[in-house]
1. Quote the convex hull volume per residue of region 440-546, based on C-alpha atoms, as a whole number of Å³.
2. Provide the per residue accessible area, probe 1.4 Å, for region 484-587, rounded to a whole number of square angstrom.
3. Suppose we look only past 42 Å in the calculated P(r) of the chain. What percent of the Cα-Cα pairs does that tail hold?
4. Once you have the Cα-Cα distance between Asp340 and Val220, take 0.36 nm times their residue separation minus that, and quote the gain in nm to one decimal.
5. May I ask you to rank Trp169, Trp252, Trp13 by accessible area, largest first, using a 1.4 Å probe over the protein chains only?
6. Please list Phe345, Phe183, Phe80 from largest to smallest accessible area, probe radius 1.4 Å, with all protein chains kept in place.
7. So what is Rg over Rh here for region 487-589, counting just Cα atoms and using Kirkwood for Rh?
8. With a 1.4 Å probe and all protein chains left in place, how much accessible area per residue does region 75-114 have, in Å²?
Amino acid sequence: MEKKQKSKLGWLWENMKGYRVIYIIGILGTVVYNVMQLTVPFVTQRIVDLFLTGENAVANLATKRDLFYKLLIAMVLLTFLRTLIVYLVCMDVEHVSQKVLYRIRTYLFDKIERQDMKFYSTFRTGDLMTRLTGDLDAVRHMVAWVIRTIVESLSLLAAAAVYFLYMDWRLALALLAIAPFIFLIIILFKNKVAPRHKALREKLSQMNTAAQENISGNRVVKAFAREDYEIAKFNECNTEYSRTNKKTAMTWLTYYPYVESFANLLPVVLLAVGGVFIINKQLTMGEYVAFSGLIWAIANPMRQLGNIMNEFQRFSAAADKVMEIYYSEPEIVDKPDAIDRTERFAGKVEFKNVSFQYADGNLPVLHNVSFVANPGETIAIMGETGCGKTSLIQLIPRFYEPTEGEVLVDDINVQDMKLNQLRKNIGLATQDVLLYSDTIDGNIAYGDSHIKPEEVVKFARYSAASEFIAKMPEGYDTIVGERGVGLSGGQKQRISLARALAVKPAILILDDTTSAVDMETEKQIQHSLNELDFPCTKIIIAQRISTTKFADKILVLQDGHITESGTHEELVAKKGYYYSLVKLQTGEA
């Protein structure tokens, strides 16, 4: 069910579910300990007026010595109590912030995993990593520090203002008259810093993307000896990020002197106005000491406003990026009335007048494609690079939707099926193989973690991988490096084929899977595919005649159109594109 996008603070509140009560307790604790800041000046005022500067100070010290000690002890105990509350509040909000961070990160990863191919073509990997790390840390910081600091500053400022007005409203108004100037500076600062935090976040994303692409493509970099070039390119991204970071930091430093100057005017106003009031006996020395001891409660929140606004704008820029993923929805999803098919599919595949065009493309990739693959048949697809072969097979597991026409599996439109059930009946092996940093056994059993070890060996034998795996240091328990580092292209393709076979699919799709293996190994694989111990419809993209000649049907795709269709013998007899390809590969051309 699609979630309605909320405001940033509403979104945070939504993700605090289950922890809202203890968070509110923590916020109330913040208010309590800031109100308790008034206790020390209040007790100090009583001590000064009763025992130091008052008219009856000497007599009070002699007759009310117990009260004097009680006031001192109360001041110490209240200070310890306030410190304990501060500690508990910090632990409380940090606990909630970590829970919120965990919940959002888990939800985001789940959301990313369930997105369709359009999503992955839109968002860069480095950008997604930035959203799951740096941006989420800004969200956590908002919960743990920014909100608490806002409440702390406002409650302290309000408590001090009320206390000052209670003691002497004229002196209080003289001090508080400075506040509007500081608020005006903060508003100007906010308008200036907000776009810079957005720019800073983009620069960080670009730098992370550059680093991720270079680490993933390290072999290409080394193959072309482009280390110096890539280092220079990364340094350029790093420099841009550093420059933007400095500009963002300098923005606050530009406004900080003005805030600090107005904040430092408070003691001057207190000395000037308060001094006149004392001379005119309109203010006691104890009250002046209380004002002086608590003036920081007005000045500090004013100073803190700049930092709060800076961190809030950082959160705002990060939250925009996180919420974009949080509320994103894939376009390819199960229909509400999707057909529930728990039984194994028969494996019939049919294309009915299918046309396809990528959302960001200008030209159609497939035009009015129609063919049928009956259960158990082998369909080979051939054609020049860029003719739409891979796009065609990606419509079967619904990685993309056709622009026109229908793709049917077992005479049911794939759009009417449940995605999970459809894809569990399809085994897919591509030319560009991704292996995980796991054992060979773990990679082969990726689609079915409950598969028995002897079955892993069987499927490795089907893909002609068992022989080289047996020679590995630890056999099937050998850890392969990231993306299969340490294995040849042909070895990775054979493991990928074993992984596709291990789910015992009703439909097996091979996208040029044997392009990197030798002819003898390819022959073994072809023989194994014909001798599988489970029924399976095979759709194979290949460029070698040796792979396609034994197929039940060969489709020749040219510029998105099926131009030739038939068996090997039939297409040779037509003397078209396939015939010229046969002559070229057999050396007759």
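The values are calculated or read from the model by the stated rules, or taken from the named source; none is laboratory data. Since the model is a prediction, treat every value here as computed from it, not as a measurement. Using ideal geometry, Cβ is built from the backbone for each residue, glycine included, and neighbour counts are taken over all protein chains shown. Side chains included, ligands, DNA and RNA excluded: accessible areas come from the protein's heavy atoms. Shrake-Rupley method; radii C 1.70, N 1.55, O 1.52, S 1.80 Å.
1. It comes to 99 Å³ per residue, whole-number rounded.
2. For region 484-587, the solvent-accessible area averages 42 Å² per residue.
3. 47 percent
4. Net length gain for the segment: 38.7 nm.
5. Putting Trp169, Trp252, Trp13 in descending order of accessible area: Trp169, Trp13, Trp252.
6. From most exposed to least exposed: Phe80, Phe183, Phe345.
7. Rg divided by Rh gives 0.98.
8. Per residue, region 75-114 has 65 Å² of solvent-accessible surface.
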